[in-house]
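The structure appears right after this line, and notes come after that.
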Amino acid sequence: MAAPVRYLTGITTTGTPHLGNYVGAIRPAVQASRAAGTENFYFLADYHALIKCDEPARIQRSTLEIAACWLAAGLDPEQVFFYRQSDIPEIPELTWLLTCVTGKGLLNRAHAYKAQVDKNTAAGVDPDTDVTAGLFMYPVLMAADILMFKAHRIPVGRDQVQHIEMARDMAQSFNHLYGEHMVLPEAAIDESVALLPGLDGRKMSKSYDNVIALFGPPEQIRKQIFSIVTDSRAPGEPKAVEGSALFQIYQAFASPQETQQLRQAYADGIAWSDAKQLLFERIDREIAPMRARYEHLVNHPAELEQVLQAGAAKARRRATPLLAELRHAVGLRNLASAAGAAKKDKARAALPTFKQYREDDGLFHFKFVDAQGRLLLQSAGFASPKEAGQFIAQLKQSASAPQLGDRATLADGVALAEVNAALQALADASN
Ligand code: TRP
């Protein structure tokens, strides 16, 4: 069987999930978690929450509510890895290892940090006003979340893509310095997932104060739905589905057939109040069965705590051995193991090399071999060692696009890209 593809998603524990989170993140994630050939990691990013929120009670409450939402929505903790970030001490430890291979310049370019600096500059105050080191380091913590579990694919919104690319950069730097320990992650953006409009037609978001609650008393949800902004068309007047937030929200829950029926009802002049009642009932049909489970969990936090503890133990069975490997790789080691390890470091640190020699025909040749001794290039014969040397120097200078001409040929099964990479490694090492 093929190795599983690992998906990983973090959920920052500030706030309470609303319908937009459900449609845009929770529901697709729960569905995806059942796909064969995958391993799925979902965690409560409570260390990340500390960057934005200094109210302990809110952090705790939000962690409780978000965990309850995901389980109520059908996430099966037996089938996936479901844990709380702060229960995995390996994550902050990995954060430090990554911090030490991350250029400060890379972090300077992070959107969230830059936005705050730009705002401060525009306001004429010190550029670092309200910038904690936590905000600055946010991408490193996030990279640790991802790299800790060798995740391949990270389902995120567009605003997070830069963070995934940074995680990739950090993984690359680490691998370059210490050997191939990290898997390079990729962002996975699902274009088919609906962006739910909120009550006022803009994207549903807590910062716009236009959300519909996911769980909560049905009466409250009904009231929110009845406050969706509509136009002033009277009952009996045909209504447009284009630009109708009500219609779009309905569509996110309805089957194609149901959607078609509402489209017809719009054309037939359904009263807005009747359309809102339909929407309320349709949403309730999907959410009501989950509500009981949600309420139960929120009212039995010890049960939830147990689920999270079990999830942490399961996740740490992956994290602990990997962190041990990484500690060893960087040299945080048991002193008694030093002698043997040093030899291996040396072998790993070996670089590709040019080996020059003289052939029976009297001509001067070279081979280019990689760090493991595999033949990459075989040269033709040169009249003098100097000419061979000049060509080698030329190759070294043109690491990104070596011109081989007829003076050297790729060894069997070797791609030009591998030669590029090896030349690049040499160039990097001499810089
Ligand atoms: N930064 C993410 C957000 O705000 C949350 C998050 C933290 C995350 N760690 C992660 C997402 C790792 C994906 C992978 O949405």
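Quick one: which residue in Gly201, Gly216, Gly179 is open to solvent by 40 Å² or more (accessible area, probe 1.4 Å), more than 14 Å from the ligand (Cβ to nearest atom) and small (Gly, Ala, Ser)?
On inspection, the qualifying residue turns out to be Gly201.
Go through the stretch 248-269 and give me each residue that's crowded, with 19+ Cβ neighbours inside 10 Å and not in a helix (DSSP H, G or I).
Once the filter is applied, which keeps residues that are crowded, with 19+ Cβ neighbours inside 10 Å and not in a helix (DSSP H, G or I), the stretch 248-269 yields Ala252, Phe253, Ala254.
Within the stretch 276-328, track down each residue that is outside any helix (DSSP H, G or I) and in contact with a strand residue (DSSP E or B) (Cβ under 6 Å, 6 or more places away or on another chain).
none
Report every pair of residues separated by at least 6 positions or lying on different chains whose Cβ atoms are under 7 Å apart, first residue within the stretch 271-300 and within 19 Å of Ala245 (Cα to Cα), second open to solvent by 40 Å² or more (accessible area, probe 1.4 Å).
Ala271/Pro235; Trp272/Thr230; Lys276/Phe226; Phe280/Arg222; Asp284/Pro218
Which one is most open to solvent (accessible area, probe 1.4 Å) among residues in the stretch 144-166 that are more than 8 Å from the ligand (Cβ to nearest atom) and hydrophobic (A, V, I, L, M, F, W, C)?
Out of the qualifying residues, it is Val161.
From Ile164, Ile154, grab the single residue that is closer than 19 Å to Phe81 by Cα and touching a strand residue (DSSP E or B) at 6+ places or on another chain (Cβ under 7 Å).
Within the list Ile164, Ile154, the selection yields Ile154.
Is there any pair linking a residue in the stretch 407-418 that is within 23 Å of Gly381 (Cβ to Cβ) to one that is crowded, with 17+ Cβ neighbours inside 10 Å and modelled with pLDDT of 90 or more, with Cβ under 6 Å and at least six apart or on different chains, and which?
Every condition considered, the pairs that remain are Arg407/Phe391; Ala408/Leu377; Ala408/Ser379; Ala411/Leu376; Val414/Leu376.
Looking at Gln403, Gln394, can you tell me which residue is touching a Pro at 6+ places or on another chain (Cβ under 9 Å) and surrounded by fewer than 16 Cβ atoms within 10 Å (Cβ to Cβ)?
Gln394
Hey, among the residues in the stretch 39-64 that are of a type in the set (D, E, K, R) and surrounded by fewer than 19 Cβ atoms within 10 Å (Cβ to Cβ), which one's nearest to the ligand (Cβ to nearest atom)?
So, considering only residues that are of a type in the set (D, E, K, R) and surrounded by fewer than 19 Cβ atoms within 10 Å (Cβ to Cβ), the one nearest to the ligand (Cβ to nearest atom) is Lys52.
Within the stretch 117-143, count every residue that is among the hydroxyl-bearing types (Ser, Thr, Tyr) and near the ligand (Cβ under 10 Å from one of its atoms).
1
I'd like to check something: does the stretch 168-176 contain any residue that is within 20 Å of Ala112 (Cα to Cα), open to solvent by less than 40 Å² (accessible area, probe 1.4 Å) and within 19 Å of the chain's Cα centre (by Cα)?
Scanning the stretch 168-176 turns up at least one residue that is within 20 Å of Ala112 (Cα to Cα), open to solvent by less than 40 Å² (accessible area, probe 1.4 Å) and within 19 Å of the chain's Cα centre (by Cα).
Scan (1) surrounded by fewer than 22 Cβ atoms within 10 Å (Cβ to Cβ); (2) away from the ligand (no atom under 13 Å from the Cβ) for the single condition Ala67 breaks and write down its number.
Only one criterion in (1) surrounded by fewer than 22 Cβ atoms within 10 Å (Cβ to Cβ); (2) away from the ligand (no atom under 13 Å from the Cβ) is unmet by Ala67, namely (1).
Are any residues in the stretch 145-159 at pLDDT below 95 and more than 9 Å from the chain's Cα centre (by Cα), and if so, which ones?
The answer is Gly157, Arg158, Asp159.
Lys104 fails exactly one of the following numbered conditions: (1) surrounded by 13 or more Cβ atoms within 10 Å (Cβ to Cβ); (2) basic (Lys, Arg); (3) more than 29 Å from Val5 (Cα to Cα). What is the number of that condition?
The one condition Lys104 does not meet is (1).
May I ask you to list the residues in the stretch 366-408 that are more than 22 Å from Ala425 (Cα to Cα) and either touching an Asp or Glu at 6+ places or on another chain (Cβ under 8 Å) or outside any loop (DSSP other than H, G, I, E, B) (or both)?
Of everything in the stretch 366-408, those that are more than 22 Å from Ala425 (Cα to Cα) and either touching an Asp or Glu at 6+ places or on another chain (Cβ under 8 Å) or outside any loop (DSSP other than H, G, I, E, B) (or both) turn out to be Ala380, Gly381, Phe382, Pro385, Lys386, Glu387.
Do any residues in the stretch 160-171 that are at pLDDT 95 or above and assigned to a helix (DSSP H, G or I) have Cβ atoms under 6 Å from those of residues that are surrounded by fewer than 20 Cβ atoms within 10 Å (Cβ to Cβ) and of a type in the set (Gly, Ala, Ser), where the two are at least six apart or on different chains, and which pairs are they?
Ile164/Ala187
It is to be established whether one or more residues within the stretch 3-14 are over 29 Å from Pro321 (Cβ atoms) and either more than 16 Å from the ligand (Cβ to nearest atom) or outside any helix (DSSP H, G or I) (or both).
Yes, some residue in the stretch 3-14 is over 29 Å from Pro321 (Cβ atoms) and either more than 16 Å from the ligand (Cβ to nearest atom) or outside any helix (DSSP H, G or I) (or both).
I need a count of the residues in the stretch 15-38 that are more than 13 Å from the ligand (Cβ to nearest atom), assigned to a loop (DSSP other than H, G, I, E, B) and either of a type in the set (A, V, I, L, M) or open to solvent by less than 20 Å² (accessible area, probe 1.4 Å) (or both).
So the answer is 3.
The values are calculated or read from the model by the stated rules, or taken from the named source; none is laboratory data. What you are looking at is a predicted structure, and each value in this text was computed from that prediction instead of being measured. Using ideal geometry, Cβ is built from the backbone for each residue, glycine included, and neighbour counts are taken over all protein chains shown. Calculation scope for accessible area: heavy atoms of the full protein, side chains included, ligands and nucleic acids excluded. Shrake-Rupley method; radii C 1.70, N 1.55, O 1.52, S 1.80 Å.
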